[in-house]
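Here's the structure we're looking at; comments come further down.
The values are calculated or read from the model by the stated rules, or taken from the named source; none is laboratory data. Values in this document were obtained by computation on a predicted structure and should not be read as measured data. Positions of Cβ are generated from backbone atoms using ideal geometry, with glycine treated the same way; all protein chains shown enter the neighbour counts.
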Amino acid sequence: MAYEKILAGVKEKVAENPLEGTAVYQFRLDGEEGGDFYVDIVEGKGQVHEGLAEEPSLTVSMTVEDFRALAEGKMSATSAFFSGRIKIKGDMSLALKLQSLLG
């Protein structure tokens, strides 16, 4: 899955799923087809942007392959975190909402 397809998929899921609160989720995907993007949620509405957020509430780092598995529901965010396949920095309460963010 190329970076552009990942971005398009995240935009679609964010548009389809109602979100709670206000937060900025930063994603840093490692690997050949990786890149950086963030989801900016304001009062339940999310927008996806390429690049780095100035002040993310939560930063999630993982490989492109693990992100794909997470987004496709083949791996849970909790199991990825506890197995060390996903690194999280910031507000841990937001990390618990990660699976619902990605659908």
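Here's the yes/no breakdown for (1) surrounded by fewer than 16 Cβ atoms within 10 Å (Cβ to Cβ); (2) among the acidic types (Asp, Glu); (3) under 13 Å from the mean Cα position of the chain (by Cα):
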position: Glu32; (1), (2), (3): yes, yes, no
position: Asp36; (1), (2), (3): no, yes, yes
position: Val42; (1), (2), (3): yes, no, no
position: Met62; (1), (2), (3): no, no, yes
position: Ser100; (1), (2), (3): yes, no, yes
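So Ala23 ticks every box in (1) in contact (Cβ under 8 Å) with a residue 40 or more places away in the chain; (2) among the small types (Gly, Ala, Ser); (3) within 15 Å of Leu7 (Cα to Cα) but one. Which box is left unticked?
Among (1) in contact (Cβ under 8 Å) with a residue 40 or more places away in the chain; (2) among the small types (Gly, Ala, Ser); (3) within 15 Å of Leu7 (Cα to Cα), Ala23 violates only (3).
Name every residue in segment 83-98 that is surrounded by 14 or more Cβ atoms within 10 Å (Cβ to Cβ), over 11 Å from the mean Cα position of the chain (by Cα) and either under 21 Å from Ile6 (Cα atoms) or of a type outside the set (D, E, K, R) (or both), in order of residue number.
Arg85, Gly90, listed by residue number.
When you go through (1) out of contact with any helix residue (DSSP H, G or I) (no Cβ under 7 Å at 6 or more places or on another chain); (2) farther than 21 Å from Glu12 by Cα; (3) of a type outside the set (Phe, Trp, Tyr); (4) free of Cβ contacts under 8 Å to residues at least 24 places away in the same chain one by one for Lys89, which number turns out not to apply?
Exception for Lys89: condition (4).
Does Met62 fit the bill of being farther than 16 Å from Lys13 by Cα and at pLDDT below 90?
So Met62 does not fit the description; no.
Hey, can you tell me all the residues within segment 11-52 that are under 15 Å from Asp66 (Cα atoms) and in contact with a Gly (Cβ under 9 Å, 6 or more places away or on another chain)?
Selection gives Phe27, Arg28, Leu29, Gly35, Asp36.
Is segment 66-82 home to any residue that is without any contact (Cβ under 8 Å) to a residue 12 or more places away in the chain and aromatic (Phe, Trp, Tyr)?
Taking every residue of segment 66-82 in turn, at least one turns out to be without any contact (Cβ under 8 Å) to a residue 12 or more places away in the chain and aromatic (Phe, Trp, Tyr).
Report, ordered by the first and then the second residue, all pairs with beta carbons closer than 6 Å, sequence separation of six or more or different chains, a first member in segment 4-16 that is at positive phi, and a second member that is modelled with pLDDT under 85.
none
Just to check your reading of the model, which residue among Ala2, Ala80, Ala8 is crowded, with 19+ Cβ neighbours inside 10 Å, hydrophobic (A, V, I, L, M, F, W, C), more than 12 Å from the chain's Cα centre (by Cα) and at pLDDT below 90?
Sole residue among the options that is crowded, with 19+ Cβ neighbours inside 10 Å, hydrophobic (A, V, I, L, M, F, W, C), more than 12 Å from the chain's Cα centre (by Cα) and at pLDDT below 90: Ala80.
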